[in-house]
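Everything below concerns the one structure shown next.
The values are calculated or read from the model by the stated rules, or taken from the named source; none is laboratory data. In this text, all values refer to a predicted model and were calculated from it rather than measured experimentally. Because the Cβ atoms are built from the backbone with ideal geometry, glycine has one as well, and the counts that use them run over all protein chains shown. Please note that ligands, DNA and RNA were not included when accessible areas were found on the heavy atoms of the full protein model with its side chains. Shrake-Rupley method; radii C 1.70, N 1.55, O 1.52, S 1.80 Å.
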Amino acid sequence: MSNSQLTPGIAPGRLPAEAYQRNFSDLDPPLDRHEAHVAADRCYFCHDAPCMTACPTSIDIPLFIRQIATGTPDAAAKTIFSQNILGGMCARVCPTEQLCEEVCVREVAEGKPVEIGRLQRYATDTLMAKGVHPFTRAAPTGKRIAVVGAGPAGLSAAHRLAMLGHEVVIFDARPKPGGLNEFGIASYKTPGDFAQAEVEWLLRIGGITLKTGQALGRDITLEGLREEYGAVFLGMGLSGVNALRAEGEDRANVHAAVDFIATLRQAPDKSTLPIGRDVVVIGGGMTAVDAAVQSKLLGAENVTIVYRRGQEKMSASKVEQEHATSVGVRILCNAAPVAVHGNGAVREVEFAYTEDTPSGLKLGAETFRLKADQLFKAIGQTLAGQPEALELSGGKIAVTGAGRTSLDGLWAGGDCASGGEDLTVTAVAEGRDAAMDIHARLAQPS
Ligand SMILES: Cc1cc2nc3c(=O)[nH]c(=O)nc-3n(C[C@H](O)[C@H](O)[C@H](O)COP(=O)(O)OP(=O)(O)OC[C@H]3O[C@@H](n4cnc5c(N)ncnc54)[C@H](O)[C@@H]3O)c2cc1C
Ligand code: SF4
């Protein structure tokens, strides 16, 4: 008997086959040549382009849009990649509505920005489809550098270092490179195995050896890396998750949202993934939205995001929140979980209403319960497995300047490092900037 959205408990195949195909295809399909030209023609090519200032990687946006408008998308792609080697992924996943497009003068004047993200995708896809790698390496420097983590920060650092003529070895604990590009970002933002294709394309610069299944602290040590390499860059992200601290949290079918999303990203056939009829997601960021939306797209009947503060404080952008509600996800605010009920497995989650006061969040006496076959926790990731010798700041590796840590010869960037927002584009910028700093340091006489 086939399953439906009404099948009780947790079940796979709740939707017809074609629904999975539709639900997990490109959320924002690419522009064709004509559409790209029309979109590019809306740009004023501002002299003091605010869009460029708002881009964490400082891409010369008016220049690349002009290059598209004049029929040279390959040159546009090179403009983008010279600042952001993961410009293809960023074109798909950047919250442009909070970055470049938010400050675009056409957004400010007319409420409709130039579609910078989609234009960036048009340019980068055009060049990547030709299999062309637009950069070559400088003459070999004879220096070797270790990079820990093959996520956006590590890949960006490794590419820049390789381009500058260094030999780079990347170590990653997982069996595949890409970091959260491969295991975290929502499927519908990056369908078609784009994350792996992008890594393969990036590695064509040469000079980079990738070693997967190699974890710092398990297979390699910081001391060993510092002895063997001229410099070390840590881009190890945040692999721990925060606990709910609600009674009964250890019941079955209570999972970290990031684990659910990683499994989903790796499943070639989404119809085989079991999903609850009633799903509750706790959190207010991108991870919460992605877990909730994808639960709905897998066929859950009722999906509710519960956030402990007011909706205006959710870190997921307005566009993401609207996307969630448009697919039928319910967002409940000002409530925090106090207990997970069930006989072995979760059946209900109990919440207390909250009050956000100047002295902190206060739980009210009144509670309510939501039915849940699955409960996903999306209340933030934490640094895990970092070397003990490192100084921390706010739970992350303390860095100053372009990613310098408290230890000489050791840099860090991306989500694992202090400061900066936890975004793909920020990780790329920090990896690139640390690479430039490492290069400058290695060029100094010892
Ligand atoms: C569910 C989810 C959705 C997101 N969606 C978006 C989005 O739409 N847009 C956006 O801009 N940002 C998004 N983000 C944030 C973005 O993915 C991160 O900011 C970005 O991936 C950080 O890059 P990073 O290289 O610092 O870390 P990561 O991408 O986490 O990569 C770290 C790498 O280090 C490896 N590693 C960890 N520990 C070790 C160790 N001990 N030894 C060796 N290797 C190790 C990991 O295996 C991983 O490959 C999302 C995050 C999540 C969790
Ligand atoms: S702010 Fe808008 S109009 Fe001005 S250069 Fe940037 S994209 Fe073009």
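Quick notes
- Residues considered: GLY431, GLY420, GLY385. Of these, the only one that is in a loop (DSSP other than H, G, I, E, B), more than 16 Å from ligand 2 (Cβ to nearest atom) and within 23 Å of CYS94 (Cα to Cα) is GLY420.
- Test: residue in the stretch 161-182 that is basic (Lys, Arg), part of a helix (DSSP H, G or I), farther than 18 Å from ALA384 by Cβ and in contact (Cβ under 8 Å) with a residue 12 or more places away in the chain: no
- Matching residues in the stretch 228-273 - criterion: being aromatic (Phe, Trp, Tyr) and either within 16 Å of ligand 2 (Cβ to nearest atom) or in a loop (DSSP other than H, G, I, E, B) (or both): TYR229
- Residues of the stretch 43-55 satisfying the condition of being touching a residue at least 40 places away in the same chain (Cβ under 8 Å) and open to solvent by less than 50 Å² (accessible area, probe 1.4 Å): CYS43, CYS46, PRO50, CYS51, ALA54, CYS55
- Condition met for GLU348 (without any contact (Cβ under 8 Å) to a residue 40 or more places away in the chain and either open to solvent by 20 Å² or more (accessible area, probe 1.4 Å) or within 16 Å of ligand 1 (Cβ to nearest atom) (or both)): yes
- Flag for GLU200 being modelled with pLDDT of 95 or more, more than 16 Å from ligand 2 (Cβ to nearest atom) and under 15 Å from LEU86 (Cβ atoms): yes
- Residues in the stretch 59-92 that are closer than 17 Å to GLY414 by Cβ and surrounded by fewer than 22 Cβ atoms within 10 Å (Cβ to Cβ): GLN83 only.
- Close pairs (6 angstrom Cβ cut-off, 6 or more residues apart or separate chains): under 17 Å from PRO62 (Cα atoms) in the stretch 14-42, in a loop (DSSP other than H, G, I, E, B) anywhere: ALA39/GLU115; ARG42/VAL114
- Candidates GLN120, GLN98: the one that is within 14 Å of ligand 1 (Cβ to nearest atom), buried (at least 24 other Cβ atoms within 10 Å of the Cβ) and more than 30 Å from LEU225 (Cα to Cα) is GLN120.
- In the set GLY235, GLY276, GLY284, only one residue is in contact with a Phe, Trp or Tyr (Cβ under 7 Å, 6 or more places away or on another chain) and crowded, with 17+ Cβ neighbours inside 10 Å; that residue is GLY284.
- Per-region count, the stretch 184-209, residues in a helix (DSSP H, G or I) and within 20 Å of ALA291 (Cβ to Cβ): 4
- Which listed residue, of GLY178, GLY237, GLY206, GLY224, is out of contact with any Ser or Thr (no Cβ under 9 Å at 6 or more places or on another chain) and more than 30 Å from ASP28 (Cβ to Cβ): GLY224
- Selected residue (criterion: nearest to the chain's Cα centre (by Cα)) from residues of the stretch 211-240 that are in contact (Cβ under 8 Å) with a residue 60 or more places away in the chain and more than 11 Å from ligand 1 (Cβ to nearest atom): VAL232
- Tally, over the stretch 307-323, of residues that are more than 19 Å from the chain's Cα centre (by Cα) and buried (at least 24 other Cβ atoms within 10 Å of the Cβ): 1
- Options ALA324, ALA316: the member that is assigned to a loop (DSSP other than H, G, I, E, B), under 20 Å from ASP290 (Cβ atoms) and touching a helix residue (DSSP H, G or I) at 6+ places or on another chain (Cβ under 8 Å): ALA316
- Identity of the residue in the stretch 211-223, surrounded by fewer than 19 Cβ atoms within 10 Å (Cβ to Cβ) and in contact with a strand residue (DSSP E or B) (Cβ under 9 Å, 6 or more places away or on another chain), that ends up nearest to ALA352 (Cα to Cα): ALA215
- The lone exception for ALA173 - which of (1) closer than 26 Å to CYS51 by Cα; (2) touching a Gly at 6+ places or on another chain (Cβ under 8 Å) it fails: (1)
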